[in-house]
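The values are calculated or read from the model by the stated rules, or taken from the named source; none is laboratory data. Every value quoted in this text rests on a predicted model; they were computed, and no experiment measured them. Don't worry about glycine lacking a Cβ; one is built from the backbone with ideal geometry, like all the others, and counts go over all protein chains shown. SASA here: full protein model, heavy atoms, side chains in, ligands and nucleic acids out. Shrake-Rupley method; radii C 1.70, N 1.55, O 1.52, S 1.80 Å.
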2 protein chains.
Amino acid sequence: MNVQDAVAILERTPSAVSALLDGVPDVWARATEGEGTWSPYDVIGHLVHGERTDWIPRARHILSGEPRPFAPFDRMAQFTESEGKSLGELLTTFAELRRHNVAELLALKLGESDLGRTGRHPDFGEVTLGQLLAMWVVHDLDHVAQIARTMAKVYADAVGPWQAYLSILRDRQR
Amino acid sequence: MNVQDAVAILERTPSAVSALLDGVPDVWARATEGEGTWSPYDVIGHLVHGERTDWIPRARHILSGEPRPFAPFDRMAQFTESEGKSLGELLTTFAELRRHNVAELLALKLGESDLGRTGRHPDFGEVTLGQLLAMWVVHDLDHVAQIARTMAKVYADAVGPWQAYLSILRDRQR
């Protein structure tokens with residue numbers, strides 16, 4: 001991985017999720033894939049929480065040489081933090097935080113050797129800064145795919161006989 | 001399904017795929033999931049071909065009462081039609097065609113009873129106009145998810161131990 005290619009994705013994610021979701025009816029924004037799964041609205045709250053507590057804080061943690069593990073990430077934070085906020089507000093907050101965090105990332109002027117520096121993940125131990133940055137990118141793309149898949153499933157029955165052609169409707173089926 | 005909810009997605013897809021892809025390095029735009037799978041570049045060419053030959057032509061076919069099946073859709077057309085075209089050009093073409101097609105769809109002023117009108121699919125026979133329009137939406141979302149999944153897999157190894165947390169990297173694995 002390299003920082004430039006990673007930033008090409010990281011800086012585009014807010015506009016991609018806003019393009020998909022800003023202003024859509026709740027039938028799309030509040031859809032889930034079933035009990036215990038997240039709606040697009042939930043996903044955006046989760047992305048906001050990641051900008052605040054995960055990526056840049058962990059990158060700084062690694063660069064500081066801190067030997068203790070990262071603080072664990074709260075995967076359920078959005079269920080309280082998003083309360084009372086509209087999807088539009090969450091999208092705006094995500095875009096602002098991401099812009100700030102990409103600027104912070106670039107300001108670190110990371111070289112090849114920095115990407116090999118290591119920190120400790122609370123669950124699985126040693127990870128490199130390069131792996132953390134690659135994870136940031138893949139995590140974005142995973143959630144973009146999840147949003148599209150969740151919305152697609154709203155019309156799982158409505159497509160009638162075409163259902164057989166759409167493997168997305170069977171991805172992550174329970 | 002209803003036309004208004006469908007249009008909410010159909011009119012957003014061009015800006016969503018442009019936000020994801022316009023100007024990204026080829027490492028993302030030309031990535032595939034392995035032999036015989038499509039890159040984001042290929043997918044946009046496929047979406048362009050669909051705008052030209054699939055959705056609105058088939059809707060008109062149904063409304064005309066034509067008893068013969070739809071013309072089969074060419075799933076490989078983009079491999080010749082996109083030749084010599086940049087990703088940026090394809091994204092612009094897709095956006096223009098989609099804008100035109102959504103306007104055509106709205107101009108049809110479809111009522112509930114129109115959505116139940118039927119045509120014949122060349123492979124599986126009778127389908128309704130409502131199913132065709134739902135399929136148009138799900139087809140968009142399927143390809144948005146495919147683009148994100150394909151790009152995510154570029155960093156499948158780069159994420160190191162996080163790989164185990166990313167089910168997207170195992171979706172549609174061969």
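Residues of the range A:6-59 that are within 19 Å of B:Val154 (Cα to Cα) and touching a residue at least 12 places away in the same chain (Cβ under 8 Å): A:Ala6, A:Val7, A:Ile9, A:Leu10, A:Glu11, A:Thr13, A:Ala16. B:Phe73 meets the conditions (1) at pLDDT below 95; (2) over 13 Å from the mean Cα position of the chain (by Cα) in every case but one. The failed one is (2). Being in contact with an Asp or Glu (Cβ under 7 Å, 6 or more places away or on another chain) and not polar (S, T, N, Q) is the filter here, so list the residues in the range A:87-107 that pass it. Across the range A:87-107, the qualifying residues are A:Gly88, A:Leu91, A:Phe94, A:Leu97, A:Arg98, A:Val102.
Contact map, the range A:106-122: residues that are within 14 Å of chain B (Cβ to nearest Cβ) paired with residues that are open to solvent by 90 Å² or more (accessible area, probe 1.4 Å), Cβ distance under 8 Å, separation 6+ or inter-chain. Pairs shown: A:Thr118/A:Glu126; A:Gly119/A:Glu126; A:Arg120/A:Pro67; A:Arg120/A:Arg68; A:Arg120/A:Glu126; A:Pro122/A:Pro72. For A:Glu89, indicate whether it is more than 8 Å from every other protein chain (Cβ to nearest Cβ), surrounded by fewer than 22 Cβ atoms within 10 Å (Cβ to Cβ) and under 21 Å from A:Val24 (Cβ atoms). For A:Glu89, the condition - more than 8 Å from every other protein chain (Cβ to nearest Cβ), surrounded by fewer than 22 Cβ atoms within 10 Å (Cβ to Cβ) and under 21 Å from A:Val24 (Cβ atoms) - is met.
B:Ile62 meets the conditions (1) farther than 26 Å from A:Ala16 by Cα; (2) among the aliphatic types (A, V, I, L, M); (3) free of Cβ contacts under 8 Å to residues at least 60 places away in the same chain in every case but one. The failed one is (3).
The residues in the range A:1-56 that are within 21 Å of B:Leu10 (Cβ to Cβ), more than 12 Å from chain B (Cβ to nearest Cβ) and open to solvent by 10 Å² or more (accessible area, probe 1.4 Å) can be counted, and the count is 2. Sub-6 Å Cβ pairs linking a first residue in the range A:128-144 that is more than 7 Å from chain B (Cβ to nearest Cβ) to a second residue that is open to solvent by less than 10 Å² (accessible area, probe 1.4 Å) and β-branched (Val, Ile, Thr), at least 6 apart or interchain, are A:Leu129/A:Ile62; A:Asp140/A:Thr13; A:His143/A:Val43, ordered by first then second residue.
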